[in-house]
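The values are calculated or read from the model by the stated rules, or taken from the named source; none is laboratory data. Please read these numbers as outputs of a predicted model, since none were measured by experiment. Note that we place each Cβ from the backbone using ideal geometry, even for glycine, and neighbour counts take in every protein chain shown. Heads up: the accessible areas ignore ligands, DNA and RNA and are worked out on the full protein's heavy atoms, side chains in. Shrake-Rupley method; radii C 1.70, N 1.55, O 1.52, S 1.80 Å.
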Amino acid sequence: MSRLARSSRTLLTALSRASLPVLTALAAPGGGLASELPKEVSFPTRDGGRIDAHIYGDGPHAVVLAHGAVFDKESWQVLAGQLCDRGLRVLALDFRGYGRSTPGTEEGALWLDVVGAADYLRQQGAQRVFALGASMGGGAVARASVESPEGTFDKVILLAAAPIEDPDRMRAGSLLFVVSREEHLLPRVRQQFELAPEPKRLEILEGSAHAQHVFGTDQAEALTQLIIDFLVN
């Protein structure tokens, strides 16, 4: 792991732990918890790891949800239900070292977990694969889009993502960057956005909540609608 990646992960973990809400107990305005229990699945990574995940729904198009440093796959339950209501299949993963997920041979290569999720969804018949990563998970999604062939990810959402060293090499059909106006990462997110390839879009939410913590604020509905509109339309 590079020095930039290590320092960014340390910063993002500290930011997250400062205001950890119990997101699985919250229902964002305009939606609720998934109507059905998720299916438990696991899949291999290319470096020999094994990733545990929850699958919601069975739509033809799928989205990978990649959590932040102090969260896990259960933290996406509310959003997963809302996306399922719009016809999407949702895969919420536990990164290596979280829950029952086990690492492979490449230390700290969280991006391989995201790639493994995309591979699994394609094997299960998903016609299009999207990815949403928050904070640490956003950095992993961004790196996965750099390291993967063109067409692996049709759309990518980076929610206050940990920065990567070469955002200009990201590959996705469309990119959405989201960050809160008053959080410390705003300048870095802007910088990453400026370097990223088109088509891309930057949305700045009011407040100071970081990444998934936004779902515990009065900006939850705005963020949820941004995600839904970007992925479904």
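When the solvent-accessible area of the stretch 107-233 is split by element, carbon and sulfur atoms take up 43 percent of it, the probe being 1.4 Å. Each of Phe230, Val141, Gly207 was scored by the projection of its Cα onto the charge dipole of the stretch 119-233, and the greatest displacement toward the positive side belongs to Val141; charges sit on the C-beta of Lys, Arg, Asp and Glu.
Each principal axis of the Cα cloud of the stretch 52-182 was taken in turn, and the coordinate range along them, longest first, works out to 35, 35, 32 Å.
Heavy atoms of the protein chains alone define the surface here; on that basis the stretch 192-233 has 46 Å² accessible area per residue at 1.4 Å probe size. Model label sites at Glu198 and Asp58, defined 7 Å from Cα along the beta-carbon direction, differ in position by 4.2 nm. Simple point charges give the picture: +1 on the Cβ of Lys and Arg, -1 on the Cβ of Asp and Glu, and for the stretch 75-189 a dipole about the Cα centre of about 360 debye. DSSP beta bridges confined to the stretch 24-155 are antiparallel in about 50 percent of cases.
Toward the positive end of the charge dipole of the stretch 27-132, with +1 on the Cβ of Lys and Arg and -1 on the Cβ of Asp and Glu, the farthest Cα among Gly49, Leu93, Phe130 is that of Phe130.
In a DSSP loop and with at most 15 other Cβ atoms within 10 Å, the GluC sites (Glu not before Pro) in the stretch 55-126 are Glu107.
Size descriptors for the stretch 106-183 (Cα atoms only): Rg and Dmax, in that order, 12.1, 41 Å.
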